[in-house]
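Novice: Can you read through this structure? Questions will come right after.
The values are calculated or read from the model by the stated rules, or taken from the named source; none is laboratory data. Just so it is clear, the structure is predicted and the values come from calculations on it, not from any experiment. Glycine gets a Cβ as well: all are built from the backbone with ideal geometry, and neighbour counts include every protein chain shown. The protein model used for the area step is the full one, side chains on, heavy atoms only, and it has no ligands, DNA or RNA in it. Shrake-Rupley method; radii C 1.70, N 1.55, O 1.52, S 1.80 Å.
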Amino acid sequence: MRGTFAGNEVGAGAAVRRERPVIAIDGPAGAGKSTLAAHLARHFGFLNLETGAMYRALALKAIDHDLDFEDEAALLELAGETRIVLKPQMEGNLVLLDGVDVSRRVRDGDVTAAASRVSVHPRLRQWMVEQQRALGADGGVVMEGRDIGTVVFPDAEVKIFLDAAPEVRGNRRYRQGGPAQVAVSEEAVIRELKERDARDRNRAESPLRPAEDAVILDSTAMGLDEVLAAAEEIVRTHLAERKG
Ligand code: DC
């Protein structure tokens with residue numbers, strides 16, 4: 001059974017009322033989802049969970065085992081022997097892969113590209129989704145990814161789809177890049193983002209798209225503070241309505 005029932009037992013298909021809500025943050029790469037999720041979690045006292053880190057961790061293990069990213073059966077077998085733990089921190093998640101801290105490694109370019117390819121496989125996604133549902137079952141979480149509001153928690157009480165033009169996202173990524181970014185041009189960062197966007201949006205299984213009941217926040221012309229304030233207001237309003 002999922003979640004905590006605050007009232008009477010609910011019928012099949014009815015939304016589960018948890019004691020604390022699930023907040024779903026979805027959107028394309030580089031939109032600022034992790035920053036937003038960490039901020040909301042801190043502000044409202046929830047846990048932030050970056051589901052992309054789970055795809056990244058498995059992709060890293062697939063790289064280390066020299067697996068073919070197209071081979072879903074092999075990836076699934078690997079997943080069965082894998083333990084991925086996300087530990088929410090003030091900023092982002094600590095990622096443990098079979099007990100080893102891979103938080104930094106999973107952000108490298110090769111793992112980023114591999115995660116995008118590994119995440120197209122339906123059965124592998126199912127494996128991830130089951131774990132993510134278990135992590136968020138009791139609510140009190142801000143879960144961030146691509147399919148949280150559509151697939152993982154279609155009954156999430158707050159759904160925010162954070163978007164921005166690819167050029168803007170690419171430019172932000174480029175400026176955040178630090179020393180490792182020096183050799184890569186801004187154009188290359190934008191090109192890579194667009195490639196990932198295309199894969200995320202066009203895959204057959206759980207493509208990236210806003211849930212029908214998501215609030216779309218387009219941050220193309222918004223500063224970070226404005227985005228955080230707008231999202232905070234959405235959550236605050238919901239929590240007030242929930243109480244009242
Ligand atoms: O959010 P991120 O950049 O860390 O995600 C890494 C990859 O994982 C990205 O290419 C899309 C995929 N992903 C997904 O398919 N579903 C999710 N819920 C989260 C990430």
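Rundown of residues vs (1) in contact (Cβ under 8 Å) with a residue 60 or more places away in the chain; (2) within 15 Å of the ligand (Cβ to nearest atom); (3) open to solvent by less than 20 Å² (accessible area, probe 1.4 Å), yes/no style:
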site	(1), (2), (3)
87	no, no, no
92	no, yes, yes
115	yes, yes, yes
123	no, yes, no
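Novice: Still on this model: If a residue has to be open to solvent by 10 Å² or more (accessible area, probe 1.4 Å), in contact (Cβ under 8 Å) with a residue 12 or more places away in the chain and either away from the ligand (no atom under 12 Å from the Cβ) or more than 20 Å from residue 111 (Cβ to Cβ) (or both) to count, how many in segment 46-68 make the cut?
Specialist: Total satisfying the criteria: 5.
Novice: On to the next question. Examine segment 99-113 for a residue that is away from the ligand (no atom under 15 Å from the Cβ), surrounded by fewer than 18 Cβ atoms within 10 Å (Cβ to Cβ) and farther than 25 Å from residue 30 by Cβ, and state whether such a residue exists. Don't jump to the end; show me each part of the working.
Specialist: Restricting attention to segment 99-113, the residues satisfying the condition of being away from the ligand (no atom under 15 Å from the Cβ) are 99-101.
Pick out the ones that are also surrounded by fewer than 18 Cβ atoms within 10 Å (Cβ to Cβ) and you get 99-101.
Narrowing further to those that are farther than 25 Å from residue 30 by Cβ: 99-100.
The answer is yes, given that some residue of segment 99-113 is away from the ligand (no atom under 15 Å from the Cβ), surrounded by fewer than 18 Cβ atoms within 10 Å (Cβ to Cβ) and farther than 25 Å from residue 30 by Cβ.
Novice: Between residues in segment 212-239 that are of a type outside the set (A, V, I, L, M) and residues that are open to solvent by 50 Å² or more (accessible area, probe 1.4 Å) and at pLDDT below 95, which pairs lie under 9 Å by C-beta distance while being six or more apart or on different chains?
Specialist: Listed by first residue and then by second, the contacts come to 220/167.
Novice: Let me ask another. Open to solvent by 40 Å² or more (accessible area, probe 1.4 Å), outside any loop (DSSP other than H, G, I, E, B), touching a helix residue (DSSP H, G or I) at 6+ places or on another chain (Cβ under 6 Å) and among the basic types (Lys, Arg) - does that describe any residue in segment 147-170?
Specialist: no
Novice: Looking only at residues that are under 14 Å from residue 163 (Cβ atoms), surrounded by fewer than 14 Cβ atoms within 10 Å (Cβ to Cβ) and not β-branched (Val, Ile, Thr) in segment 189-225, which one is nearest to the ligand (Cβ to nearest atom)?
Specialist: 201
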